[in-house]
Amino acid sequence: MVPWNADLFKARFTPNPIKYKKTIMSNSIYSFDIEVSSGWINDYGYIHGFDECLNDDYYNSHEKVSLPYIAMFGYSPEPGIEWVYYVRDFKEVKEIFTTVKECEKIPWHCFVHNLSYEFVFLRNLYNDDIEAMFARSTRSIIYFNIPSVNVTMRCSYLLTNKSLALWGSEVGIPKMVGDLDYHIWRTPNTPLTFQEYGYCEHDITIMLAGIHKYRKEYGNIGNIPLTSTGEVRRDMHSNCSYSNKIKMTALQPQNMEEYRRSKYLFFGGDVHGFLEIIGKILKEMESWDLTSDYPFHLFLKYPMTPFRKNISNKITNTDEFAYQIHLRGKSMVSKSKQHYLSSSRFTIYHGGFARGMTCDNGRVVAITDGFECWMTELDFEIFQEMYEIEGLEIIESWYSKKNYLPKYYIEAILDYYEKKTKLKGVTSEDGSLEELYTKSKNKLNSMYGMVCTALIHEEITFDGDWQEVNRTGGDQLKEILEHPYKNFGFFNIGVWCTAYARWELWKGIQAVHQSGSFVAYFDTDSVKVPKGTDMSYFIKRNAEIIELGKKCLQHYKIPLERLAPKDIKGKEHPLGVWDFNDGHYSEMKVLGCKRYAYRDKKDGKLHVTVAGVPKKGGAKALHDDINRFRDGMTWDYPDINKVMPFYLDGSNGNYQREFISEGYHSTFKYGINMRPTSYTLDSHKSFEDALEYYLTKEGIINE
């Protein structure tokens, strides 16, 4: 890495134009990164970095600032030819971009890992010159253009869905030992060590190498998908005929009323801890999981005709018909302490309501004074099995004839799963087989994200500031229906895929409890159960799952052996079945959803899963003692490396002030202050209502 020099760049520059669609653009790879200091202005006007000795009150009451102290820029026209430059003064980035524009003379793309972060700082240079913003939200930017320098800034994080460390390991560039100390306040005038410069260069090198692999796979820079699910979408589009796209368009919701019904029915993964074991240390536990759960459920039958009004409101022959059911009742109470329904089902967002509801960490224990909600036929079946219900009435319902999804869906899943299975553990001299394994695994996982994408989004744009686009949901839906060439699927695939997965999970949970055992914890496609739990239901169910898969393959005359590809050792791995070797734990403790700890029998180490806490640091803080895992436990910053961002970008009226530090005069208005923070576990409140309900019911406390 060398200091930026425009003449040196021009001397090294090699034109690399390609024709993409109707334009000529550069096929060279560019990447950009910055390092930023976060500081606080003390009572004497001095700016300092983070100090662990100061408390939260201090940081909350003192003015926050941030400052880029180095910016790195990578250029690589071809593999093996790359240069990395840097500037210490962020304002000099404008000279870099202008020089590239003058050399290229055609549009060029620049990749940034987590573009949403760098965007805030780039506003200081180009705020009034940013166009064609494409973003999921103000904090999730996919790309934007800067017309004055002819560049499209693209997010490589949303493309890969990987950290730079993981991406680097996959492209053969391992993570460097150590890291920059982000507690230190640095300015462009702060001297950096040789090692610190090395850290700065490292991330750029990873991006250049990673994008080269994408460019090789997709032929040119322009063809690289925007996001990780975009890779799967590209495959599906290419394999879907226009006639199939016409059929898929006919199965999309045709108006906002139909779309709302489908949205009411959509729920994601199921996660919960069993009320009776919360906080207890369990011995000898096992984890059973469903193999590629969501992909397999795409082999089942889906609503493949437009929904029609069900005049009789009778729910029958659910193997052949899918139903959208709007129901209400006077009251209901769970038959067991393993509670099925999510309380969110009874919110306005999902077209429901409930009065007198008691919950167990977001799960419905009982409703006493009336309820209304929407369900698929699959949820309706489990609902009736899990609750005693009074005054149940179906208000209205719609039905659709079920059939298999188009053949290109089935073949795509089989292709990804076969490659993932056959290539796991396989090595090659050039790393190509390992790369194909990783890509197949990622594509298989992305199938779910693809089918569960909402049709209608809040649209935003940027014109010097964020603005909402005044487009109704009806306008967006109309555009989808008027462009059938974009539709290789339809929204209800995601609705029924998740419903099938819930049905499979809860049939398993019921079987465990009926056998006299219990499910201590479950998460979408896995259950944690005591060692020795009766497997007979699951063994029988595995045979049924295999038969369901075979029926789908027979329907399309696909060889049945593709359903159970063999690994490198010749072992078959059937798709969709329960696997009893997911994990074996000598001890386990559950405190709630995404809050549990266990000791793996294989390595003897303690592991922690807590939403918001890195796994490695989370376990380290327990000091190898599972008893320390309890409500009120606090993970300090050194253990978890967790930071809290404070946006100085005009949101909530917060802008960064002008300041001078170490002789550097900053006039930057926009920035992000990153403050190290701790995490405190507090889950008991979410169980209090349920505990009080059962203690009252059992006469242990008075009403």
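I'd like to know which of Gln476, Met236, Thr667 lies farthest towards the positive end of the charge dipole of the chain, counting +1 on Cβ of Lys and Arg and -1 on Cβ of Asp and Glu.
Among Gln476, Met236, Thr667, the one farthest towards the positive end of the dipole of the chain is Met236.
Which order do peptides 343-354, 422-433, 511-522, 657-668 fall in by mean Cβ count within 10 Å, highest first?
Values: 343-354: 16.5, 422-433: 12.8, 511-522: 19.2, 657-668: 14.5.
Packing order, densest peptide first, comes out as 511-522, 343-354, 657-668, 422-433.
In debye, nearest 20: dipole of the range 2-226 around its Cα centre with unit charges on the Cβ of K, R (+) and D, E (-)?
Dipole magnitude for the range 2-226 comes out near 1320 debye.
Ignoring solvent entirely, what values of log10 I(q)/I(0) come out of the Debye formula for the range 486-610 at 0.09, 0.10, 0.13 Å⁻¹ when each Cα is a single scatterer?
Log10 I(q)/I(0), no solvent term: -0.36, -0.44, -0.72.
Please list, in chain and number order, the residues 5+ apart from Lys335 or on another chain whose amide H is under 5 Å from its amide H, with Hs placed from the backbone.
Correct list: Tyr387, Glu388.
Translational diffusion coefficient of the range 1-130 at 4 °C, 1.567 mPa s, Stokes-Einstein with Kirkwood Rh over Cα pairs, in µm²/s as a whole number.
76 µm²/s
How large is the direction-averaged shadow of the alpha-carbon convex hull of the range 346-492, in nm²?
Over all viewing directions, the range 346-492 projects a mean Cα-hull area of 16.3 nm².
Three principal axis extents, largest first, for the C-alpha atoms of the range 318-366, in Å?
Dimensions of the range 318-366 along the principal axes of its Cα atoms: 34, 25, 20 Å.
Can you give me the long-range amide H partners of Leu405? Hydrogens built in the peptide plane at 1.01 Å from N, cutoff under 5 Å, separation of 5 or more residues or another chain.
Tyr302
Please turn the phi angles of the range 135-141 into ³J(HN,Hα) values with the Karplus equation 6.51 cos²θ - 1.76 cosθ + 1.60 (θ = phi - 60°), one per residue in order, whole Hz, x for glycine and proline.
My calculation for the range 135-141 gives 9, 6, 7, 5, 10, 9, 9 Hz in order.
Apply the a/c threshold of 1.5 to the C-alpha gyration tensor of the range 228-344 and tell me whether it is rounded, prolate or oblate.
Working: a/c = 2.54, a/b = 1.37, b/c = 1.86.
Taking the square roots of the gyration eigenvalues as a ≥ b ≥ c, the range 228-344 is oblate.
List, in order, the whole-Hz ³J(HN,Hα) value for each residue of the range 287-296 obtained from phi through the Karplus relation with A = 6.51, B = -1.76, C = 1.60 and θ = phi - 60°; use x for Gly and Pro.
10, 10, 9, 8, 6, 6, 3, 4, x, 4
With +1 on each Lys and Arg Cβ and -1 on each Asp and Glu Cβ, and nothing else charged, work out how big the dipole of the range 70-170 is about its Cα centre, in Debye to the nearest 20. Walk me through the numbers on the way to the answer.
Numbers: 10 positive and 12 negative charges, 71 e Å.
My answer is approximately 340 debye.
Quick check on the exposure proxy: order Ile395, Ile626 from fewest to most C-beta atoms within 10 angstrom.
Starting with the residue having the fewest Cβ neighbours, the order is Ile395, Ile626.
Note down the nm distance, to one decimal, between modelled labels 7 Å out along Cα→Cβ at Lys601 and at Arg628.
Distance between label points: 2.6 nm.
Between His665 and Ser651, what is the label-to-label distance in nm when each label sits 7 Å out along the Cα-to-Cβ direction?
3.1 nm
Ratio of alpha-carbon Rg to the 2.2 N^0.38 Å globular estimate for the range 412-470, to two decimals, please.
Rg over 2.2 N^0.38 Å, computed on Cα atoms: 1.81.
Return the percentage of antiparallel bridges among DSSP beta bridges fully within the chain, rounded to the nearest 5 %. Intermediate values should be presented prior to the final figure.
Working: 110 of 119 bridges.
If I count the DSSP bridges inside the chain, around 90 percent turn out antiparallel.
Just the projected area, averaged over all directions, of the convex hull on the alpha carbon atoms of the range 2-226: how many nm²?
So the Cα hull casts an average projection of 13.8 nm².
Mind checking the full-extension length gain between Leu8 and Glu385? Use 0.36 nm per residue of separation minus the Cα-Cα distance, one decimal, nm.
Residue separation times 0.36 nm, minus the Cα-Cα distance, leaves 128.4 nm.
Which one, Ala564, Tyr387, Ile206, projects farthest toward the positive side of the charge dipole computed for the chain from Cβ point charges (K/R +1, D/E -1)?
With unit charges placed on the Cβ atoms, the residue in question is Ala564.
Work from the charge dipole of the chain (Cβ charges, +1 for Lys and Arg, -1 for Asp and Glu, about the Cα centre) and give the residue of Asn310, Met535, Thr99 farthest towards its positive end.
Going by the Cα projections, it comes out as Asn310.
Just to confirm a number: summing +1 for Lys and Arg and -1 for Asp and Glu over residues other than Leu327 whose beta-carbon lies under 14 angstrom from that of Leu327, what do you get?
Taking every Cβ under 14 Å from that of Leu327, the sum is -2.
Give me Ser238, Ser140 sorted ascending by neighbouring Cβ count inside 10 Å, so fewest comes first.
Ser238, Ser140
Can you list residues whose amide H is under 5 Å from Leu648's amide H, if they're 5+ apart or on another chain and H is modeled 1.01 Å from N?
Distant-sequence amide H within range of Leu648: Gly671, Ile672, Asn673.
Dividing the Cα convex hull volume of the chain by residue count, how many Å³ per residue is that? Kindly include the intermediate steps, with their values, before the conclusion.
Values: hull volume 133.0 nm³, N = 703.
Hull volume over Cα atoms, normalised by residue count, gives 189 Å³.
Where the only charges are on Cβ atoms (+1 Lys, Arg; -1 Asp, Glu), what is the dipole of the chain about its Cα centre, to the nearest 20 debye?
Dipole of the chain, to the nearest 20 debye: 2340 debye.
Considering only the other residues whose Cβ falls under 13 Å of the Cβ of His48, what net charge follows from Lys and Arg at +1 and Asp and Glu at -1?
Within the 13 Å Cβ shell, the charges total -2.
At 222 nm, what value in deg cm²/dmol follows for the chain if DSSP H runs of at least 4 each add -39500 (n - 2.57) and the sum is divided by all its residues, to the nearest 500?
So the calculated ellipticity at 222 nm is -10500 deg cm²/dmol.
Could you calculate the contour length gain from Asn313 to Gln254, that is, 0.36 nm times the residue separation minus the distance between their Cα atoms, to one decimal place in nm?
19.0 nm
In whole Hz, what ³J(HN,Hα) sequence does the range 605-613 give by Karplus (6.51, -1.76, 1.60; θ = phi - 60°), x for Gly and Pro?
8, 7, 10, 10, 10, 9, 4, x, 10
All of the numbers you see were taken from the coordinates with simple rules; none came from a lab. Here the structure is a predicted model, which is why all the values come from computation and not from measurement. Note that each Cβ is placed from the backbone with ideal geometry, even for glycine, and that neighbours are counted across all protein chains shown.
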